[in-house]
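Step one of this worksheet: look at the structure below.
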Amino acid sequence: MRILIVEDEHKIASAIKRGLEQQSYAVDVSYDADDGLAMATTEPYDLIILDRMLPGSLDGIGILRTLRDQNNHTPVLLLTAKDRVLDRAEGLNAGADDYLVKPFAFVELIARVRALLRRSPQATNSVIEYDDLSLNTLTKTVERSGNNIQLTSKEFALLEYFMRNPERIVSKDALIQHVWNYDADILPNTVEVYMGYLRGKIDKPFKQSKPLLHTRRGFGYYFGTV
Ligand code: CA
């Protein structure tokens, strides 16, 4: 799942980015309104964390209104420094899905982020199961046939994306867009390399089970028992 943070306070933005990356999310940061709006409209984010007060030609509410006017319904969590009823109403009226008043505890932010991502059509449950494989998005654990599998953060994100999009062709571009962030060093074979790691942990050790990760040459990848 890929998240955009639009927040001009660098310290807060980096703290949120770090925390979310530890939860296996791919995260981009924008520090002003115009750049933030440009990124939000060009990249396929699963969630946007938007600060209300921003430098630039628009504030957070302006970005939100523009996105909704453009029929962009990416979930938005609005951060506001003001704890006034009027501001909350204004944010929700402009199309925010939730808001958080600064200063906030990181655990609270994570809880809101998870709740919003659960609402999105791709995500409904914290435990995703397919065949004898199960992935828990809360505890970040993966099991196959009752065996615990250790994955790195990126492998976990990749597998989560496949398990949310089973039994269909997933292009390499879609994987890059949803699993890696803007600054990531994506080499031509990065996805293949990670697919190799993932196969080595998910499929290869489980000879009694059906392979789940398949390459569809010229199209991309397919997750499923075929
Ligand atoms: Ca601000």
Within the accessible area of segment 1-92 (1.4 Å probe), percent carbon and sulfur: 52
Distance between modelled label sites at residue 131 and residue 207, nm, 7 Å Cα→Cβ extension: 1.6
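Using +1 on the beta carbon of Lys and Arg, -1 on that of Asp and Glu, and nothing else charged, what's the dipole of segment 86-226 about the Cα centre, debye to 20?
400
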Label-point separation, residue 118 to residue 226 (7 Å along Cα→Cβ), nm: 3.6
Helix-only CD estimate at 222 nm, as mean residue ellipticity for the chain, using -39500 (n - 2.57) per DSSP H run (n ≥ 4): -12000 deg cm²/dmol
Rounded to 5, percent antiparallel among DSSP beta bridges of the chain: 50
Highest average packing first - 193-201, 155-163, Cβ atoms within 10 Å: 155-163, 193-201
Net +/- balance of residues flanking residue 215 in space, Cβ distance below 11 Å, scoring K and R +1, D and E -1: +3
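Might you tell me the accessible area per residue for segment 34-120, computed with a 1.4 Å probe and given in Å²?
46
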Qualifying lysines (Cα of each under 20 Å from Cα of residue 204; at least 8 residues distant if same chain): 154
Length gained when the stretch residue 41-residue 143 is fully extended (0.36 nm per residue, less Cα-Cα span): 33.1 nm
Stretch gain in nm, segment residue 214-residue 183, where the contour uses 0.36 nm per residue and the Cα spacing is subtracted: 8.4 nm
Listed peptides 204-215, 9-20 by packing density, highest first (mean Cβ within 10 Å): 9-20, 204-215
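The values are calculated or read from the model by the stated rules, or taken from the named source; none is laboratory data. Computed from a prediction, not measured in an experiment: that's the story for all the values here. Here Cβ is always computed from backbone atoms with ideal geometry, including for glycine, and neighbour counts include all displayed protein chains. Ligands, DNA and RNA are excluded from the accessible area calculation, which covers all protein heavy atoms including side chains. Shrake-Rupley method; radii C 1.70, N 1.55, O 1.52, S 1.80 Å.
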